[in-house]
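What follows is a short report on a single structure.
The values are calculated or read from the model by the stated rules, or taken from the named source; none is laboratory data. Small disclaimer: the values here were computed from a predicted structure and weren't measured. All Cβ positions, glycine included, derive from the backbone under ideal geometry; neighbour counts span all protein chains shown. Heavy atoms of the whole protein, side chains included, go into the accessibility calculation; ligands, DNA and RNA do not. Shrake-Rupley method; radii C 1.70, N 1.55, O 1.52, S 1.80 Å.
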Amino acid sequence: FAYDQPYFDLLNRMNRNNLPLGIHAWFRYDTSNSRSELMKYVPANYVWKNDCLYSEILCAIDKFLEQSSNLYLWGAGDIGMLFLDYCHSKMVEVCGFLVSDEKKIESNYKNGIPVLHLSDMNDIMNCTVVVTISSRYRNNENFLSVLEKKDVKSSLQLSFEMILALENFLLEKENIQK
């Protein structure tokens, strides 16, 4: 079961407060499996602490990508590479990576995709940006105001749950191919 759910309380109720009570948990936020099983034992009006379904998250990302054109990823680190892999799996073209002006660009291309400074966006018209920089860098930069000043048609900020859903999708795809 996912750690972010109140499973101890639920399982304790299911076990009628009898001990011993064993709980096995792992780091996965997708509640689709555990919720369907536990719904047999909880009241119908039970409010889940955090209901996260990877399938719904991926559908929302796919819908965003379907409506996107001239796609750029702001961030060329691990999260940017993860999203690039997802785009490749969905046959979505990525036009380039964007990095902050103060960041040194070690190479003009990463995985065959151009890497540009944000100031170079002046030549890019009507684009879509997916923010793939980690939260620690988002806090240091006023990235929303930067995007507002550019000719950005739409943007998507990847949340922690989105990143986990993307990782899970790519891992499952890799395991299927093996």
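Data for the structure
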item: Candidate set: region 147-164, residues that are in a helix (DSSP H, G or I) and in contact (Cβ under 8 Å) with a residue 12 or more places away in the chain; chosen: the one farthest from Cys59 (Cα to Cα); result: Leu147
item: Residue ID - least open to solvent (accessible area, probe 1.4 Å), chosen from residues in region 109-138 that are assigned to a helix (DSSP H, G or I) and of a type in the set (Gly, Ala, Ser); result: Ser119
item: Single match in Val131, Val115, Val94 (criterion: at pLDDT 90 or above, among the aliphatic types (A, V, I, L, M) and farther than 25 Å from Asp62 by Cβ); result: Val115
item: The one condition in (1) at pLDDT 65 or above; (2) part of a loop (DSSP other than H, G, I, E, B); (3) open to solvent by less than 40 Å² (accessible area, probe 1.4 Å) that Asp30 fails to fulfil; result: (1)
item: Residue satisfying condition, being touching a Leu at 6+ places or on another chain (Cβ under 8 Å), outside any helix (DSSP H, G or I) and open to solvent by 20 Å² or more (accessible area, probe 1.4 Å), within set Glu167, Glu106, Glu102, Glu93; result: Glu93
item: Failed condition for Glu56, given (1) at pLDDT 95 or above; (2) exposed (fewer than 15 other Cβ atoms within 10 Å of the Cβ); (3) closer than 21 Å to Glu167 by Cβ; (4) among the acidic types (Asp, Glu); result: (1)
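This table checks each residue for (1) in contact with a helix residue (DSSP H, G or I) (Cβ under 9 Å, 6 or more places away or on another chain); (2) farther than 21 Å from Tyr54 by Cβ.
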| position | (1), (2) |
| --- | --- |
| Glu93 | yes, yes |
| Lys110 | yes, yes |
| Val115 | no, yes |
| Ser119 | no, yes |
| Glu161 | yes, no |
